[in-house]
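The values are calculated or read from the model by the stated rules, or taken from the named source; none is laboratory data. All values derive from a computational prediction rather than experimental measurement. Glycine gets a Cβ as well: all are built from the backbone with ideal geometry, and neighbour counts include every protein chain shown. The area values use the complete protein model at the heavy-atom level, side chains included, leaving out ligands, DNA and RNA. Shrake-Rupley method; radii C 1.70, N 1.55, O 1.52, S 1.80 Å.
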Amino acid sequence: MSTTISDTETGAAKSQAETGAVRARRTRLFKKNAPSVILFVIALVWLIPLWWMFSLSLTPNEILQRDSQILLPPEITFENFISVFQVGLSGRWFFNSMVVATSTTLLTLFFSAMAGYAFARLQFPFKKILFPVVIAGLMVPQETMFIPLFLIFDAFGLHNTHAGLFLPRVGVPLGVFIMTTFFAAIPGEVEEAAQIDGASQWRIFRQIMLPMATPALTALGIFTFVLTWNDYLWPLVSATEREMFTVTTGLASLQGNFAQATELGALMARGVLASLPLLIMFIIFQRQLIRGISLGSGGK
Amino acid sequence: MVETDSAHVQAESAPKDDQGRGRKTARPGGSKERFNPTDLGAFGFLIPFLIAYALFMLYPVIQATVMSFYDWDFLDTTRREFIGLENFRRMFWGTEMTWSAERLWPLRLLLLLMLVPLFRAMRKGSIPKAPAISFAVLVVAIFGVWLGFHPGEGGRWFDSQFWLSFGNTLLFVVMSTPVIVGTGLALALALNRGGRMVGVLRAMFFAPYVLSVAVLTLIWAFMLNPGIGLVGIFGDWFGADPINMLNSTTWAMPAIVLATLWWTVGFNLVLFLAGLQDIDTQQYEAASIDGANAWQTFWNITVPGLKRTIRLVVVLQVIYSFQIFGQVFIMTRGGPDGATRVLIQHIFERGFRDFELGYASAMSIVLFVAIILVSIVQFVLLPKEDDA
């Protein structure tokens, strides 16, 4: 507060001096805060659809059949959430998504950190050919590969397995790109000192480079987890048995069946549970996720 | 933490600069120019990823290209026959074909006009870029002429659904790109002045991005239903006749764009905000001393400073828009009357409902080439960062 007052006294309010200091201060306070307040209101409106999903998930289905155009549940129930785990396979889908997203993330981190380190810091034959070949993969859309991938996984009998769901994403070079850029930016003196001490490449990687890369790895990890959790096309093609659906394909399959919307609340509860892990992760790791985007400029 | 910015800047220049960076990254690290046996140790770090990359990326791309020249039925293993360009003929050709100058003329004129800047870029462009641009020139020229072909009296396309879904995909790209990029930019400009609130506001606008496509469709399919969703209330306010946008051939695609805007605008917002923060604040101070108004400041400082980011966001947005699938497939199944049927749905159904994997591969290659082509054209046509 005190800074605002001194600002007003010293600063730009001079032009309005004749109208009186109090009024000037008020105008200035308003001018300063009005854009933020307006934006905040817009942002709240922006989140209404999300809020609506949460509200409906807590409202009894009987009420929703009469009126679902509400912002607050007239009556709160947890029936809808309990039903998620009693009826249908939603619990199983949740488990599948957890396994698949976690496996993809861990493998991607492991592979990308090592390959990124090699590309950024080590000398080896054919490097000048290999790196562009790997990075060129960034341009290839998933849709170009999914038919041959389908045949490969069919040949190995890996459809409708967790491995079939998490393996294809491990080959995506986005992580390598991010980690190479990161490791290339570390000054050379760091490892030269270690080399003089006779440390092996592996030890330099594990004990010096990897700890330094923690922020980049966190960003990459969160980003990969979100993308994998939300993957739709590949799980749709590969996991055709209902028990092997992920949360995303499972929830999509319910939307056809629930068309009559007699159990809108139960459906919304499934939507809430499908989003909750990601929303919680987003709230905790917001910075890292946004950095992952800036680093990779990758996307859905 | 310090590395973030430089990494971010480099990341933005992908994929154009990858060769340059490859050279740069090759320099530091080891002290030796010639490699000795221990250098092979590097492959220990590389092998896990390279195996995954070769198996799940490189091989599939090559295989998809090969399959596009085959009649390849998934169930009937006797149908694995090399048929040359037959799959592409099926896509782009029909019976009783005629050519007329006026068919789709605005689009074709636009394509042919694009040849001018492309030619210019080819002449002054550096050698490594030349093949890509010549390729773009060739394809743009061919299509400028080719699109004049259409089935004449009593004729039909071999696969009219291909043209329908390809056209709808283009329609989505053309509708969604200005809306989503423009909104992202407007929000970023507004937020950039938001002071202490920036972080909170950014998070609020970004939050829908982390939802999965199935949650997006769950929310919006019901939101847009006038009997169930909140949109019905707006209808009541304005006294408009409640229509279900998703059931209307006119409004279904705009509804998909609206849902996609809500879902993904946060992504562009984040990139634009990062770009805005890279602009030197002294420039703004200088402008305000010179008495520039908000509009002049925007055009003379913000836009030039953001050129690089704008280019990146537009190119990425177009690439993502070409790949639209989940939203429409779950919400409308391509309906009503095929009004929202998009190319990936067509590929998916030909491949995994009809098991015509050869034809589906050919279409996926066409999609890939279209994306690459449009990206090249954009890189040539959109303003360069070094113009400033």
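Between A and B, buried accessible area summed over both sides at probe 1.4 Å, in Å² to the nearest 100?
The contact between B and A buries close to 9600 Å².
Find the relative contact order for region B:288-360 and round it to a whole percent, using C-alpha pairs within less than 8 Å whose residues are 6+ positions apart.
The normalised contact order for region B:288-360 reaches 16 percent.
Treating the Cα atoms of the protein assembly as shown as identical point scatterers in vacuum, please give the log10 of the normalised Debye intensity I(q)/I(0) at q = 0.05, 0.08, 0.11 Å⁻¹, two decimals.
Computed log10 I(q)/I(0) values: -0.27, -0.70, -1.30.
Using θ = phi - 60° and the Karplus relation 6.51 cos²θ - 1.76 cosθ + 1.60, list the HN-Hα couplings for region A:174-185 in order, rounded to whole Hz, with x at every Gly or Pro.
After applying 6.51 cos²θ - 1.76 cosθ + 1.60, I find 4, x, 4, 4, 4, 6, 4, 4, 5, 5, 5, 7 Hz.
In peptide A:107-120, what is the residue-averaged number of other protein chain Cβ atoms found within 10 Å of each Cβ?
The per-residue average across the peptide is 5.
Taking the highest mean first, how do the peptides A:111-121, A:132-142, A:192-202 order by number of other beta carbon atoms within 10 angstrom per residue?
Per-residue Cβ counts within 10 Å, averaged per peptide and sorted highest first, yield A:111-121, A:132-142, A:192-202.
Accessible area per residue of region B:157-387 at 1.4 Å probe, in Å²?
38 Å²
Give the distance, in whole Å, between the Cα centre of region A:27-92 and the Cα centre of region B:67-97.
50 Å
With charges set only on the Cβ (+1 for Lys and Arg, -1 for Asp and Glu), what does the dipole of the protein assembly as shown come to about its Cα centre, in debye to the nearest 20?
1480 debye
Keeping all protein chains in the complex and leaving out DNA, RNA and ligands, what accessible area do you get for B:W157 with a 1.4 Å probe, in Å² to the nearest 10?
40 Å²
Can you tell me how region B:157-387 classifies by the Cα gyration tensor, rounded, prolate or oblate, using a/c under 1.5 as the rounded cut?
Cα axes put region B:157-387 in the oblate bin.
Rounded, prolate or oblate: pick one for region B:198-332, where a ≥ b ≥ c are the square roots of the eigenvalues of its C-alpha gyration tensor, a/c under 1.5 means rounded, and failing that, prolate if a/b is larger than b/c, else oblate.
It is prolate, given that a/c is not under 1.5 and a/b is the larger ratio.
Ignoring ligands, DNA and RNA, what accessible area per residue does chain A give at 1.4 Å, in Å²?
Spelled out: the 1.4 Å probe surface of chain A, per residue, equals 44 Å².
Please tell me the relative contact order of chain A in percent, rounded to the nearest whole number, where contacts are Cα pairs under 8 Å and at least six residues apart.
The value is 28 percent.
How much of the accessible area of chain A, probe 1.4 Å, is carbon plus sulfur, in whole percent?
Carbon-and-sulfur percentage of accessible area, whole number: 65.
Between A:A136 and A:I196, what FRET efficiency comes out of the Förster formula 1/(1 + (r/R0)^6) with R0 = 56 Å and r the beta carbon distance, rounded to 0.05?
About 0.90, to the nearest 0.05.
Once neighbouring chains are kept in place and the probe is 1.4 Å, which whole percent of the accessible area of region B:81-231 is contributed by carbon and sulfur?
Percent of accessible area from carbon and sulfur atoms in region B:81-231: 70.
Considering only protein heavy atoms, what is the solvent-accessible area of A:E243 at a probe of 1.4 Å, reported in Å² to the nearest 10?
Using a 1.4 Å probe on the heavy atoms, I get roughly 90 Å².
Summing -39500 (n - 2.57) over the DSSP H runs of n ≥ 4 in chain A and dividing by its residue number, what mean residue ellipticity at 222 nm do you reach, to the nearest 500 deg cm²/dmol?
Helix-only estimate at 222 nm: -22000 deg cm²/dmol.
Using a 10 Å cut-off on Cβ to Cβ distances, tally the other chain neighbours for every residue of A:175-182 and report the average as a whole number.
5
Peptides B:331-343, B:131-143: what's the order by average Cβ count within 10 Å, highest mean first?
B:331-343, B:131-143
Could you tell me the relative contact order of region B:156-292? Use alpha-carbon pairs under 8 Å, at least six residues apart, and round to a whole percent.
35 percent
Calculate, axis by axis, the spread of Cα positions in chain A along the three principal axes, and write the results as whole Å, longest axis first.
76, 60, 32
Using only atoms on other chains, find how many Cβ atoms lie within 10 Å of each Cβ of peptide B:360-373 and report the average.
Counting Cβ atoms of other protein chains within 10 Å of each residue's Cβ and averaging gives 3.
Given R₀ = 41 Å, FRET efficiency for A:I70-B:R353 by Cβ-Cβ distance, to 0.05?
Taking R0 as 41 Å, the efficiency between A:I70 and B:R353 is 0.55.
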